[in-house]
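Below is one structure, written out as structure tokens; the observations come after it.
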Amino acid sequence: IANGKNVTIQNCKVTDCGYGGITTGYARCVSTHKYSEYITIDNCIVTDHPSAGISIGSNAGPFTLTNNICERIKTPHYADSTREYAGFGIQVSGKSSSLMASGTISGNTCSDNGFEGIILKKYVDGITIENNTITGHNFDQDGAGIFFYHWGHPEYNQNHIIRNNTLTGNIRGIVGYYASNSTIEGNTISTDAGVFHPEQGAIKLDGCNNMEVKDNTIGCDGIGISVVYCCLLYTSDAADELDGV
């Protein structure tokens, strides 16, 4: 789906393709409308691809990803032979600083993918990630259940709500990297480092600011909540069960 608008993909089963399952983005030479928008992907099964499960790329404005299954998306790491795997279940990115992606990722199941379950990659503002089940992302040393970032620019990775997700058996649970003004709330997280050293955080915030972390339940084999190079962090986790902070 290149330069797509008002597109719904529903009740599809996509398995064992050469690169990825369902992707949207843009085609450089086709249209002046060089981005996607108003994409809905619902109730699809996407399994056994080398690199990408569901990828929403160069998106402007809202999208909806609901009730999908993304499993076993993995391939040996393409850039570093010492790493285990690459691959992700769901990935979202916006087009630019003026065409940011926003939307909802809800009710999906992402399991046993090589690198990460759900990734917000760049130019994302106001995405709700809720009620997802994310398991088994511990094939790579930097794997995670949910990972949201924009290198060096937290203003292009902000205003997210990550709540009521169940994350188990991932090397890291939820990672915010250069993010701002977001809430991580009501999630249930347990980690499993697999063959790697158990030192990672169930929730890790790195280079973030104005974040709220509250009412999560955590049990892990590494660090419960890790905060690195952050400022103006507010936490209210009196109910959390932490193995370590």
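Only residues that are at pLDDT 95 or above and open to solvent by 30 Å² or more (accessible area, probe 1.4 Å) were counted in the range 32-47, giving 4. The number of residues in the range 163-177 being open to solvent by less than 10 Å² (accessible area, probe 1.4 Å) and over 9 Å from ASN131 (Cβ atoms) comes to 7. In the condition set (1) in contact with a strand residue (DSSP E or B) (Cβ under 7 Å, 6 or more places away or on another chain); (2) of a type in the set (A, V, I, L, M, F, W, C); (3) modelled with pLDDT under 95, CYS29 is compliant with all but (1). Within the range 103-127, if we keep just the residues that are polar (S, T, N, Q) and open to solvent by 30 Å² or more (accessible area, probe 1.4 Å), the residue that is farthest from GLY173 (Cα to Cα) turns out to be THR104. Can you name the residue in the range 128-147 that is open to solvent by less than 10 Å² (accessible area, probe 1.4 Å) and of a type outside the set (A, V, I, L, M, F, W, C) and, of all such residues, is nearest to the chain's Cα centre (by Cα)? Taking the candidates together, the pick is GLY145.
Here THR235 fulfils each of the conditions (1) closer than 24 Å to ASN138 by Cα; (2) modelled with pLDDT under 95; (3) polar (S, T, N, Q) apart from (1).
Inside the range 179-208, can you point out the residues that are assigned to a loop (DSSP other than H, G, I, E, B), of a type outside the set (Asp, Glu) and closer than 16 Å to ILE146 by Cα? Hits for the range 179-208 are ALA179, SER182, GLY186, ASN187, ALA193, GLN200, CYS208.
Here's the yes/no breakdown for (1) of a type in the set (Phe, Trp, Tyr); (2) without any contact (Cβ under 8 Å) to a residue 40 or more places away in the chain; (3) over 20 Å from ALA2 (Cα atoms):
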position: ALA60; (1), (2), (3): no, no, no
position: ILE73; (1), (2), (3): no, no, yes
position: VAL92; (1), (2), (3): no, yes, no
position: SER102; (1), (2), (3): no, no, no
position: ASN113; (1), (2), (3): no, no, yes
position: LYS122; (1), (2), (3): no, yes, no
position: GLY126; (1), (2), (3): no, yes, yes
position: ASN132; (1), (2), (3): no, yes, yes
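The values are calculated or read from the model by the stated rules, or taken from the named source; none is laboratory data. Model, not experiment: these values are computed from the prediction. Every residue, glycine among them, receives a Cβ derived from its backbone with ideal geometry; neighbour counts consider all protein chains shown. Calculation scope for accessible area: heavy atoms of the full protein, side chains included, ligands and nucleic acids excluded. Shrake-Rupley method; radii C 1.70, N 1.55, O 1.52, S 1.80 Å.
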